Amino acid sequence: MEYPFNLFDLRGKVAAITGAARGIGAETARVLAAAGAKVAVLDLLEADGQAAVQRIEAEGGQAAFWKLDVSSEPEVGKVFGEIAARFGRLDVLVNNAGIDGVNAPTHELALAQWQRVMDVNVTGTFLCTKHAIPHLERAGGGSIVNVSSMYGIVGGPDVPPYHASKAAVRMMAKTDAMHPGYIRTPMLEEVAHASGQGEGLFAYLGSQAPMGRLGEPRDIAAGILYLVSDAARYVTGAELVIDGGYTAR
Ligand SMILES: NC(=O)c1ccc[n+]([C@@H]2O[C@H](COP(=O)([O-])OP(=O)(O)OC[C@H]3O[C@@H](n4cnc5c(N)ncnc54)[C@H](O)[C@@H]3O)[C@@H](O)[C@H]2O)c1
């Protein structure tokens with residue numbers, strides 16, 4: 001028996017995704033485009049962003065890239081205006097751009113290192129939300145998903161500004177908050193490389209989740225698809241944790 005309509009149909013909708021050149025953002029852009037949305041791929045990384053757009057187009061979707069630093073208010077205001085002009089409306093914002101910053105204890109951190117993490121993760125989320133809302137209102141409403149982290153829920157021995165920034169993003173949510181666990185993306189690959197542990201680190205991190213493995217970007221993209229779709233039309237201010245059970249232990 002078939003349900004009368006597809007709850008995850010995003011045709012006619014326009015979605016802006018920050019940090020969408022790679023990792024979780026790129027996969028989310030793909031998934032939302034496959035569900036029918038026109039997607040604005042926003043990122044600092046130009047070549048990767050263009051490649052993400054080409055991949056979506058090759059899969060039959062519609063997307064365009066804008067180079068954007070989410071921590072710059074003039075850039076954010078300009079880009080959101082251009083997205084609405086190009087695609088005619090804006091219905092969905094996914095605040096996904098984020099950096100983990102320097103892995104050092106608090107007393108060894110420079111103010112500038114702390115500040116950059118706050119600028120991107122917290123101020124970037126604020127600025128994109130601020131400049132997206134007038135467009136969402138014009139479209140008659142919409143969805144905002146903030147990609148926080150399980151590190152915004154539980155403490156840990158590493159990256160203190162990241163923990164603080166992700167807790168802030170979590171509490172900024174009159175919207176929905178998504179909390180990925182350890183997901184194998186370029187962010188984590190760079191951590192593994194810098195630590196010198198490589199695959200060993202992935203095996204260790206994977207073993208920390210009751211599901212016994214790292215997550216993949218599609219595991220998070222699927223949750224974002226749910227939150228922005230009609231399937232979640234009565235969901236707001238909710239927090240969705242997709243972490244293989246890490247925070248359930
Ligand atoms: N990978 C994980 O294990 C994990 C776990 C929990 C939460 N997250 C969160 O998920 C989100 C995506 O992470 P990822 O693992 O895919 O990381 P990633 O580093 O692979 O991708 C992040 C993207 O954000 C972009 N970006 C960084 N600063 C930016 C800025 N100022 N303006 C615009 N774009 C910017 C990067 O260029 C990159 O393309 C982040 O918010 C991250 O904190 C990731």
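Regarding the chain, what whole-number volume in Å³ per residue does the convex hull of its Cα atoms give?
Values: hull volume 34.3 nm³, N = 249.
In the chain, the Cα hull volume divided by residue count equals 138 Å³.
Charges at C-beta only: +1 for Lys and Arg, -1 for Asp and Glu. How large is the resulting dipole of segment 1-133 about its Cα centre, in Debye rounded to 20? Numbers along the way, then the final one.
Values: 12 positive and 16 negative charges, 73 e Å.
The calculated dipole for segment 1-133 is roughly 360 debye.
For Lys67, give me every one of the aspartates and glutamates with a C-alpha distance below 13 angstrom, ignoring sequence neighbours fewer than eight places off in its own chain.
Asp43, Glu46, Asp48, Glu75, Glu82
Give the separation of the Cα centroids, segment 117-193 to segment 18-54, in Å.
Cα centroid to Cα centroid, the span is 17 Å.
May I ask for the angle, rounded to the nearest 10°, between helix 73-87 and the longest principal axis of the chain, with both axes built from Cα atoms and the value confined to 0 to 90°?
Roughly 40 degrees, rounded to the nearest 10.
What do you get for the angle between helix 217-228 and the principal long axis of the chain? Use alpha-carbon atoms, 0 to 90 degrees, nearest ten.
Orientation of helix 217-228: about 50 degrees from the principal axis.
Do you know the relative contact order of the chain, to the nearest whole percent, from alpha carbon pairs under 8 angstrom that are 6+ apart? List each step's numbers first, then the result.
Details: 493 pairs, mean separation 49.4, N = 249.
Relative contact order for the chain comes out at 20 percent.
Would you please give the residues with an amide H less than 5 Å from that of Val39, counting only those at least 5 places away or on a separate chain, with H modeled from the backbone geometry?
Counting only residues 5 or more places away or on other chains, the set is Ala15, Gln62, Ala63, Ala64.
Taking the alpha-carbon distance from Lys130 and a cut-off under 16 Å, which lysines remain once sequence neighbours fewer than 8 residues away in the same chain are dropped?
By straight Cα distance, Lys130 reaches Lys78, Lys174.
When only DSSP loop residues count, what chymotrypsin sites (Phe, Trp or Tyr not before Pro) in segment 183-249 have their Cβ near at most 15 other Cβ atoms within 10 Å? Walk me through the intermediate numbers first.
On the way: sites: Phe202, Tyr204, Tyr226, Tyr234, Tyr246; in loops: Tyr234.
Hits after loop and neighbour filter: Tyr234.
For the chain, modelled as a Gaussian network with Cα springs under 10 Å, which listed residue fluctuates most, Ala47, Ala164, Ala132?
Its mean-square fluctuation being the largest, the pick is Ala47.
To the nearest 10 degrees, how steep is helix 160-171 against the longest Cα principal axis of the chain, on a 0 to 90 scale?
Its long axis makes an angle of about 30 degrees.
Identify, among Leu44, Ala15, Val147, the residue whose Cα sits farthest towards the positive end of the charge dipole of the chain, taking +1 on the Cβ of Lys and Arg and -1 on the Cβ of Asp and Glu, with the dipole about the Cα centre.
The Cα lying farthest towards the positive end belongs to Ala15.
Using a 1.4 Å probe on the protein heavy atoms only, what accessible surface does Trp114 show? Give it in Å² to the nearest 10.
Roughly 100 Å² of Trp114 is accessible to a 1.4 Å probe.
The values are calculated or read from the model by the stated rules, or taken from the named source; none is laboratory data. Remember, it's a predicted structure, so these values are computed and weren't measured experimentally. Heads up, the Cβs are rebuilt from the backbone with ideal geometry, glycines too, and the neighbour counts pull from every protein chain shown. In case anyone asks, the SASA skips ligands and DNA or RNA and just uses the protein heavy atoms, side chains included. Shrake-Rupley method; radii C 1.70, N 1.55, O 1.52, S 1.80 Å.
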